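**Q** One structure follows; several queries about it will come next.
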Amino acid sequence: MSEEIETETGDRGGYRFTDEPTATSATVLVVDDDAALLDLTKTYLEREREGFEVVTEVRTDDALQRLSGSATSVDAIVSDYNMPGMNGLELLTEVREDHPDLPFILFTGKGSETIASDAISAGVTDYLQKGTGSSQYSVLANRLGNAIETYRVQKQLERSEEKFTKLVENSTDLISIVSEDGRFEYVSPSCEQIIGYTQEELIGDSIFNYVHPDDRQYVMEEFFEGVEHPEITPVIEFRLDHAEREDIILESRGTNLLDDDVVDGFVVNTRDITELKRREQDLEQRNTQLENIKDLISHDIRNPLNVAQGSLDLYQEEPDQSHIDNIDQALDRMDTLIDQTNVLADQPLRIDDTTTVSFKNVVQSSWNMVDTKEATLRIDGSKQIDGDPDRLQQLFENLISNAITHGGPEVTCSVGTAEGSLYFEDDGAGIPETDRELVFESGFTTEAGNMGLGLTIVQRIASAHGWELEITDGADGGARVLLRGVSFRPTVVS
């Protein structure tokens with residue numbers, strides 16, 4: 001072993017050591033029962049390496065106590081082998097219980113192949129036999145420096161890996177590595193929270209199996225485009241079949257790292273944007289509401305206001321009851337428009353809470369709230385439906401008012417239920433097929449000058465319930481409004 005002291009390079013315990021010093025500041029604990037040799041080792045090590053601070057102990061018990069309780073951390077240990085009470089290998093065993101990777105060099109004057117073998121088996125970082133002359137301390141200092149540097153790099157890597165693992169595990173995004181044929185190779189633990197599937201279920205399976213069928217072709221095209229062209233960073237929005245909830249909307253950003261030796265895959269960061277999309281939709285609908293209200297205020301309310309102002313001017317020139325009647329009608333019209341504007345402004349975009357509503361009762365209540373003149377109401381069916389009673393009354397009030405406005409004071413209104421649907425029909429003039437989509441737009445005006453705001457409100461309430469609305473020809477030549485997707489209660493009330 002003494003011949004190895006003079007070699008400039010060598011392999012010890014899996015490390016590569018050189019005589020080139022590294023810029024390392026470190027605290028080295030030297031343990032030896034020979035106090036004089038301890039002082040000599042301390043002096044030479046601190047001379048050989050400016051960054052070394054050497055602390056010494058003559059007793060192994062004191063060394064262990066220093067290691068466990070010192071405020072200053074120890075970066076490496078150099079220990080003699082043959083010491084009273086506890087030899088160097090026994091000290092190594094004690095150290096390894098709490099510090100499995102701390103550099104530990106056995107620096108001993110008692111050398112043998114057996115000791116060297118036992119030291120390596122016990123996890124020693126290096127084994128060096130004491131010799132004569134000062135050159136042995138140069139070798140010891142260099143090996144200490146390299147061992148400490150390797151130890152610190154390893155610890156830094158471990159901390160980086162631990163940090164990365166914690167970031168991935170606690171990320172609200174789903175991080176995955178996908179093979180070039182579209183199979184999950186890695187999925188972060190957040191997968192179960194985001195998409196409802198466990199890592200075990202996903203690993204090895206095709207990513208496309210979880211995409212909504214209507215979006216699958218698009219996702220496949222975008223993914224394989226990114227595989228073929230690494231410079232592309234695709235951003236894809238798609239629906240995904242959630243394991244436990246309704247379909248969710250995801251946004252995935254992909255990075256092609258198939259040529260990376262470490263990753264060897266397509267890295268995908270995915271987040272749930274379902275709520276974001278709903279808010280965007282709500283905001284878009286709200287903006288449409290505001291535009292409708294602006295149009296209503298700037299145009300439709302201005303019309304009766306102009307009539308009232310003009311009639312007032314005429315009355316001041318020539319007092320006549322007809323001018324007062326015109327003003328009265330204009331003010332009534334403005335009052336109606338203001339009420340309808342409030343409905344548009346306050347109408348919720350979604351109806352989350354519904355209750356059981358008697359179809360017959362809600363229609364009758366709506367009829368009573370409208371000036372129906374000489375009109376006639378026919379109700380066919382008295383089923384119970386799921387809905388918001390206040391909004392349903394507004395819906396039928398607007399349908400009734402619209403029928404009387406366009407069909408005349410003697411119009412007949414027929415209301416009934418069919419399989420999964422409701423209908424409202426009148427025997428008036430009907431709505432031309434070319435106008436059936438336009439009547440739902442606020443501000444739409446017929447040749448008679450009456451606007452279609454009432455049907456705008458009807459459509460909004462129907463959509464809030466999740467119903468589809470369609471206008472067709474009535475049986476007696478008028479208009480028929482059909483509401484599909486209605487949920488009925490099984491009980492029929494007589």
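**Q** Of the heavy-atom accessible surface of region 43-97 (probe 1.4 angstrom), what whole percent is carbon and sulfur? Intermediate values should be presented prior to the final figure.
**A** Values: 1080 of 2870 Å².
On region 43-97, the fraction of accessible area on carbon and sulfur atoms equals 38 percent.
**Q** Pull up all non-local amide H partners of ILE273: gap of 5 or more, or a different chain, and H-to-H distance under 5 Å with H placed in the peptide plane.
**A** HN-HN under 5 Å from ILE273: ILE249, LEU250, GLU251.
**Q** First select every other residue whose beta carbon is under 13 angstrom from the beta carbon of VAL235; then total the charges, Lys and Arg +1, Asp and Glu -1.
**A** -2
**Q** Check ARG489: other-chain or 5+ apart residues with amide H under 5 Å from its amide H, H built from backbone geometry?
**A** GLN384, ILE385, ASP386
**Q** Percent of Cα-Cα pairs more than 14 Å apart in region 247-295, please.
**A** Tail fraction, whole percent: 67.
**Q** At a Förster distance of 41 Å, what's the computed FRET efficiency of ARG378 paired with HIS212, Cβ-Cβ distance as r, to 0.05?
**A** Efficiency for this residue pair is about 0.40.
**Q** Ok, one more. Using the Cβ atoms and a cut-off under 10 Å, what net charge is assigned to the surroundings of GLY196, where Lys and Arg are +1 and Asp and Glu are -1?
**A** Net charge around GLY196: -3.
**Q** A further question on this structure: Taking every pair of distinct Cα atoms and averaging 1/r, then inverting, what Kirkwood hydrodynamic radius in Å comes out for region 46-201? Please list the in-between numbers first.
**A** Working: mean 1/r = 0.0528 Å⁻¹.
About 18.9 Å for region 46-201.
**Q** Apply the Karplus parameterisation 6.51 cos²θ - 1.76 cosθ + 1.60, with θ equal to phi minus 60°, to every residue of region 459-469 and state each ³J(HN,Hα) to the nearest whole Hz, in sequence, with x for glycine and proline.
**A** Rounded to whole hertz, the list is 5, 5, 5, 4, 5, 4, 7, x, 9, 9, 10.
**Q** Continuing with this model, one more query. Using protein chains only and a probe of 1.4 angstrom, how many square angstrom of ILE431 are accessible, to the nearest 10?
**A** 30
**Q** For a test of the definition: using alpha carbon positions, the gyration tensor, and the 1.5 limit on a/c, classify region 226-267 as rounded, prolate or oblate. Mind showing how you got there, number by number?
**A** On the way: a/c = 4.38, a/b = 2.17, b/c = 2.02.
Prolate is the answer for region 226-267, as a/c is 1.5 or above and a/b outweighs b/c.
**Q** Within 10 Å, Cβ to Cβ, of GLY474, how many net charges do the neighbouring residues add up to if Lys/Arg are +1 and Asp/Glu are -1? Walk me through the numbers before you get to the answer.
**A** On the way: positive: ARG480; negative: GLU425, ASP426, ASP427, ASP473, ASP476.
That sum, taken over residues with Cβ under 10 Å, equals -4.
**Q** Rounded to the nearest angstrom and ordered from largest down, what semi-axes does the equivalent ellipsoid of region 44-135 get from its C-alpha gyration tensor (root of 5λ)? Display every interim value, and only then the final one.
**A** Details: eigenvalues 76, 67, 31 Å².
Each semi-axis is the square root of five times an eigenvalue, giving 19, 18, 12 Å.
**Q** Something else: When the chain is fully extended, how far beyond the present Cα-Cα distance does ARG278 get from ILE232, taking 0.36 nm per residue of separation?
**A** Between ARG278 and ILE232, full extension yields an extra 13.7 nm.
**Q** Taking Cα pairs under 8 Å and at least six residues apart, what relative contact order does region 45-175 come out at, in percent?
**A** 22
**Q** Then there's this: If each of LYS294 and GLU251 carries a label point 7 Å out from its Cα toward its Cβ, how far apart are those two points in nm?
**A** 2.6
**Q** For region 170-252, state what percent of all Cα-Cα pairs lands in each successive 5 Å bin, counting from 0 Å until the bin that includes the largest distance.
**A** Each 5 Å bin holds this share of Cα pairs: 3, 15, 24, 30, 20, 7, 1, 0.
**Q** Something else about it: Report the GluC sites (Glu not before Pro) located in region 368-424 that are in a DSSP loop and have at most 10 other Cβ atoms inside 10 Å of their Cβ, or state none.
**A** GLU374, GLU419
**Q** I've got another one for you. Note down the accessible area of ILE120, probe 1.4 Å, to the nearest 10 Å².
**A** 110
**Q** Charges only on Cβ, +1 for Lys and Arg, -1 for Asp and Glu: so what's the dipole of region 202-327 about the Cα centre, in debye to the nearest 20?
**A** 380
**Q** What value does region 390-429 have for Rg/Rh, both radii from Cα atoms and Rh as Kirkwood defines it?
**A** We get a ratio of 1.00 for region 390-429.
**Q** DSSP loop trypsin sites (Lys or Arg not before Pro) in region 214-292 with at most 13 other Cβ atoms within 10 Å of their Cβ, which ones? Don't skip to the end; give the middle numbers.
**A** Details: sites: ARG216, ARG239, ARG245, ARG253, ARG271, LYS277, ARG278, ARG279, ARG286; in loops: ARG245.
Taking region 214-292 and a limit of 13 other Cβ atoms within 10 Å, the loop trypsin sites (Lys or Arg not before Pro) found are ARG245.
**Q** Leaving out ligands and nucleic acids, note down the accessible area per residue over region 181-326 with a 1.4 angstrom probe, in whole Å².
**A** That works out to 61 Å² for each residue.
The values are calculated or read from the model by the stated rules, or taken from the named source; none is laboratory data. Every value quoted in this text rests on a predicted model; they were computed, and no experiment measured them. Every residue, glycine among them, receives a Cβ derived from its backbone with ideal geometry; neighbour counts consider all protein chains shown. SASA here: full protein model, heavy atoms, side chains in, ligands and nucleic acids out. Shrake-Rupley method; radii C 1.70, N 1.55, O 1.52, S 1.80 Å.
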